[in-house]
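The structure appears below as structure tokens.
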Amino acid sequence: MADRLLGPSSRPRADELAGVGTWSLDMASGRLTTNAAARRMLGWDDRQGLPTLHDFLAFVHPEDRELLTAHTDRLVREGQEYVLEHRALLPGGRVLHLRASATADLDEDGRVRMLHGVTLDVTSAYHLLHGLLSALSDGCLLVSGGRVVEVNAALCVLTGFSADELVGSRAPYPFWPDGRELQEVAQADVEAVRKDGRPLALSATVLPRTAPDSWLVLLRERGTTPG
């Protein structure tokens, strides 16, 4: 696939003024177009020359590439739209939290001919959420795309697992060996297990977030009351 990028328009569009990054990819020619907001989001200076598709993909956080690749493959093969959150790793180690959505245009034969995407920088909202989770006495974890992307200190104390052991995990989660997806229920009793092997009876409440594939899960040891 060719890896060519069209230059920015001379007139700012509404999406650029709002800081919304957009892109389109022609599947036949490999021609990629982006707006200025998408490039600014990643700190790209157009004086360096216009970035290629490879350049943009290189910004995806290594731990999130598998997730993004899986969704993109389904979009290309089946035209299945996606909305997900992933991180971008910028030069110098700065991490952005992005909400990405993409859709496909099909030709008369039902084959994907164009991909279109929108990217929002939700880093500020993420840090606000992180602060709120840290202040809660309930154990909390944020699941996106079936993968744990954030936990609070209370959950680590409750289960005995460190944040490093929990973040990035998929079902079966380390503290929930029966393998059920947390997002499959709105509220349920969970027979969990601490890291040292002791049983842990939890009440789980699952709160859907604005992104369709993300859930905030609150966990409390059964028999306790909110602190």
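Starting from residues that are surrounded by 17 or more Cβ atoms within 10 Å (Cβ to Cβ) and among the aliphatic types (A, V, I, L, M), keep the ones in the stretch 37-70 and report whichever is nearest to Thr119 (Cα to Cα).
Among residues in the stretch 37-70 that are surrounded by 17 or more Cβ atoms within 10 Å (Cβ to Cβ) and among the aliphatic types (A, V, I, L, M), the one nearest to Thr119 (Cα to Cα) is Ala38.
Could you check the stretch 34-65 and list, in sequence order, the residues that are over 15 Å from Ala88 (Cβ atoms) and of a type in the set (Asp, Glu)?
Those that are over 15 Å from Ala88 (Cβ atoms) and of a type in the set (Asp, Glu): Asp45, Asp46.
Considering only residues of the stretch 149-174 that are assigned to a helix (DSSP H, G or I) and of a type in the set (A, V, I, L, M, F, W, C), which is surrounded by the most Cβ atoms within 10 Å (Cβ to Cβ)?
Only one residue fits best here, namely Leu155.
Kindly indicate whether any position in the stretch 92-110 is closer than 30 Å to Arg222 by Cβ, charged (D, E, K, R), part of a loop (DSSP other than H, G, I, E, B) and touching a Gly at 6+ places or on another chain (Cβ under 9 Å).
Restricting attention to the stretch 92-110, the residues satisfying the condition of being closer than 30 Å to Arg222 by Cβ are none.
Looking for residues that are closer than 30 Å to Arg222 by Cβ, charged (D, E, K, R), part of a loop (DSSP other than H, G, I, E, B) and touching a Gly at 6+ places or on another chain (Cβ under 9 Å), one finds none in the stretch 92-110, hence no.
Just to be sure before I move on: is Glu85 modelled with pLDDT under 85, within 26 Å of Val143 (Cα to Cα) and of a type outside the set (A, V, I, L, M) in the structure I sent?
So Glu85 fits the description; yes.
Being part of a helix (DSSP H, G or I), closer than 23 Å to Ala37 by Cα and out of contact with any helix residue (DSSP H, G or I) (no Cβ under 7 Å at 6 or more places or on another chain) is true for just one of Asp73, Asp64. Which residue is that?
Unique residue meeting the criteria: Asp64.
Condition check: under 13 Å from the mean Cα position of the chain (by Cα), charged (D, E, K, R) and not assigned by TED's automatic domain parsing to the domain that holds Tyr173. Does Glu81 satisfy that? Break it down stepwise before answering.
Values: under 13 Å from the mean Cα position of the chain (by Cα): no; charged (D, E, K, R): yes; not assigned by TED's automatic domain parsing to the domain that holds Tyr173: yes.
No; evaluated as a whole, the condition is false for this residue.
Which is touching a residue at least 40 places away in the same chain (Cβ under 8 Å) and not hydrophobic (A, V, I, L, M, F, W, C), of Thr52, Thr69?
Thr52
Restrict the check to the stretch 127-148 and report whether at least one residue is part of a helix (DSSP H, G or I), assigned by TED's automatic domain parsing to the domain that holds Thr205 and modelled with pLDDT of 85 or more.
No, the conditions are met nowhere in the stretch 127-148.
Here is a list of conditions, (1) of a type in the set (Gly, Ala, Ser); (2) modelled with pLDDT of 85 or more; (3) under 18 Å from Gly223 (Cα atoms), and Ala188 meets all of them except one; can you say which number that is?
Condition (2) is where Ala188 drops out.
Within the stretch 164-175, take every residue that is modelled with pLDDT under 90 and of a type outside the set (Ser, Thr, Tyr) and give me the one that is farthest from Val206 (Cα to Cα).
Within the stretch 164-175, the subset modelled with pLDDT under 90 is 164, 167-173.
Subsequent filtering for residues that are of a type outside the set (Ser, Thr, Tyr) retains 164, 167-168, 170-172.
Numbers: Asp164: 22, Val167: 17, Gly168: 18, Arg170: 16, Ala171: 15, Pro172: 17 Å.
Taking the candidates together, the pick is Asp164.
Among the candidates Asp15, Asp3, single out the residue that is in contact with a His (Cβ under 8 Å, 6 or more places away or on another chain), farther than 19 Å from Ala88 by Cα, at pLDDT below 80 and acidic (Asp, Glu).
Exactly one of Asp15, Asp3 is in contact with a His (Cβ under 8 Å, 6 or more places away or on another chain), farther than 19 Å from Ala88 by Cα, at pLDDT below 80 and acidic (Asp, Glu), namely Asp3.
How about the stretch 28-56: which of its residues are in a helix (DSSP H, G or I) and at pLDDT 85 or above?
Passing the criteria: Ala36, Ala37, Ala38, Arg39, Arg40, Met41.
The values are calculated or read from the model by the stated rules, or taken from the named source; none is laboratory data. Fair warning: this is a prediction, and the values are worked out from it, not measured in the lab. We place every Cβ from the backbone using ideal geometry, glycine too, and count neighbours over all the protein chains shown.
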